[in-house]
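Throughout, read-outs are computed from the coordinates displayed, never taken from laboratory work. Worth saying up front: this structure is predicted, and the values here are computed from it rather than measured. Don't worry about glycine lacking a Cβ; one is built from the backbone with ideal geometry, like all the others, and counts go over all protein chains shown.
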Amino acid sequence: MKTILGSRRHHHMARISILLIMIALIAGTVACVGGDGNNDGSYTLIVDFTAGGTVTVDDLPIPGKAILTYGAGTVVNVNASASTGYRFIEWTGNVSAVDDVNAASTTITMNDDYSMMANFVKQYNLTISSTFGGSVTTPGEGVHTYDEGEVVNLVAQAEGGYHFVNWTGDVGTIANINDATTTITMSSNYTITANFAADLYFWTDAYVMLNGPATLTPDKRNPCVILNIMTNIVMDSVRVDLPDGGSIIVPPFTDVFSPRVEWTTLLRFFTCEPGMTIAGGEYIFTGLDVAGEPIPRARNTDIWVGVEPPDPPTNVRAEVIEDGILVSWNESPIVPGSFEPAAYPQLGYYQLHISRIEIGELVYGANLISASPHLIPQDKVNFIEGKDHGLSLSEMEDGTYQLSANIHSMPPGGSLGKGAEYMSYDAGQDITFTIQDGEITIK
């Protein structure tokens, strides 16, 4: 019986001894990982990285999380390399001994146990463009690269006469596609466009055209009232209510002075109503649709002020020179506040026309001329932008042509008038010339 009891006591003591040894081992292991180093005085370095790149330690690549041991004071080289479409951000973890946590290639000095992580982020391209009439000023047009999740500011700026419409393309993460100033959150590659459109306008002008020498009174100079309309509002015709209570329908029209008219985004209507108007006469313009109904926003007025009429150009002459036809004339007297083309800013201007007699078509025009003379170019390369329109002399076919000079005066500043006030010319000053096999002959 004593023998049996002694055996049991022996086994019980053995189990207690084993348990004490296991506790001691666990305590020793915890103490080692806790930063006191290994028993041999070395330290542990754990290196890992997120998706989007690779890491080398002392120039050796690691396939994934690596647990490495170094002697105290060892300087370890670590290098993070981003994969295509990613970029390195920083080292995180227990990085107090890392030389530069923001550098992909850096070092860590082993004076303790450390754990460090190389962090990468996915990147996406944002391609930005714009339509005619404006541009994207922030961040600018072209291709830009951003981190995944980055919120990018967008600013679209319209040019004068245009307005921002919307953003189109990959617009799923744009905060507000109808706002010129908005943001886009980058979660993929995106291509977007800022769209602009011309401001709607309905420009109208009523002015008097006089044909005859200045020695005649205006009512004897074949007067007619020019009604001129330019608009980007699509319409069928324009009704003008006249000062005398009547009304007329102005038909579509174009010539060399309106080369951009194509009846979709730009339209012109023009006529000349015979007779003289009265000072202060009001002309009411209304755009009409195909059913003859008024179009919203297509209504305007013009007042003919009735200032002193300018004299037409006199002694108009033309000379064929190597570069074209040089046209000269005696300049008209200044009309204060209405016609002073050489002033700054320019007030009124001279204008030249060339029509082909056989077909009665205007083939060349020059406007906004401030003084005599003016060259009608032989070749289009010598056209002055904004002044010369239509065909150059070398582009004109064989035939007979008529050259005419006129002036346009303006309503006084601060008056209710707008556009032009008078167009004045004298058909008796017109010059005829011919073109035959490229040779120009002044009649």
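The distance between label points at Ala198 and Thr92 comes to 5.5 nm (points 7 Å beyond Cα on the Cα→Cβ vector). The ranking of Phe202, Phe257, Phe285 from fewest to most other beta carbons within 10 Å of each one's beta carbon is Phe257, Phe202, Phe285. For the chain, the alpha-carbon coordinates run over 155, 53, 39 Å along the three principal axes, in decreasing order. Each Cα pair under 8 Å and six or more residues apart adds its separation to the average, and for the stretch 314-442 the resulting relative contact order is 26 percent. The residue among Leu352, Phe164, Thr231 whose Cα reaches farthest toward the positive pole of the charge dipole of the chain, with charges on the beta-carbon of Lys, Arg, Asp and Glu, is Phe164. For Lys418, a cut-off of 29 angstrom between C-alpha atoms picks up these lysines, skipping any fewer than 8 places away in its own chain: Lys220, Lys387.
With both labels modelled 7 Å from their Cα along Cα-to-Cβ, the Thr434 to Glu395 distance reads 2.5 nm. Sorted fewest first by neighbouring Cβ atoms within 10 angstrom, Ile431, Ile325 come out as Ile431, Ile325. For the stretch 162-263, trypsin sites (Lys or Arg not before Pro) meeting the loop criterion (DSSP other than H, G, I, E, B) and having at most 13 other Cβ atoms within 10 Å: Arg260. With the highest mean first, a sort of the peptides 224-233, 289-298 on other beta-carbon atoms found within 10 angstrom per residue produces 224-233, 289-298. Projected onto its three principal axes, the C-alpha set of the stretch 85-180 covers 69, 22, 19 Å, listed from the longest axis down. Once the C-beta distance of Ala342 and Ser415 is scaled by a Förster radius of 25 Å, the resulting FRET efficiency is 0.70 to the nearest 0.05.
For Thr173 and Ile359, the FRET efficiency from 1/(1 + (r/R0)^6), where r spans their Cβ atoms and R0 equals 60 Å, is about 0.50.
FRET efficiency for the pair Val155 and Ile321, taken as 1/(1 + (r/R0)^6) with r the Cβ-Cβ distance and R0 = 51 Å, rounds to 0.45.
Across the stretch 218-233, rounded Karplus estimates of 3J(HN,Hα) from the backbone phi angles (6.51 cos²θ - 1.76 cosθ + 1.60, θ = phi - 60°) give x, 5, 9, 9, 6, x, 8, 9, 7, 10, 10, 10, 10, 7, 10, 8 Hz, Gly and Pro being marked x. Partner lysines whose Cα lies under 19 Å from the Cα of Lys65, excluding those fewer than 8 positions away in the same chain, are not found. With the simple model of a label 7 Å out from the Cα in the direction of the Cβ, Asn39 to Lys387 spans 10.0 nm.
Counting only aspartates and glutamates at least 8 places from Lys122 when in the same chain, those with an alpha carbon closer than 18 Å to its own are Asp48, Glu90, Asp147, Glu148, Glu150. Our helix-only sum for the chain, with -39,500 (n - 2.57) per DSSP H run of n ≥ 4 divided by its residues, gives a mean residue ellipticity at 222 nm of -2500 deg cm²/dmol. Extension gain, Ile46-Tyr162: 0.36 nm per intervening residue step, less the Cα-Cα distance, totals 35.7 nm.
Pairwise Cα distances in the stretch 131-198 exceed 13 Å in 60 percent of cases. Note on the stretch 183-227 and the stretch 344-401: Cα centroid distance 20 Å, given to the nearest whole angstrom. When Leu210, Leu216 are arranged by Cβ crowding within 10 Å, least crowded first, meaning fewest neighbours, the order is Leu216, Leu210.
From largest to smallest, the equivalent ellipsoid semi-axes obtained for the stretch 337-443 from the alpha-carbon gyration tensor read 29, 15, 11 Å.
Search the structure for amide H atoms under 5 Å from the amide H of Thr69, placed 1.01 Å from N in the peptide plane, and list their residues when 5 or more places away or on another chain. Under 5 Å from the amide H of Thr69 lie the amide H atoms of Leu45, each far enough along the sequence or on another chain.
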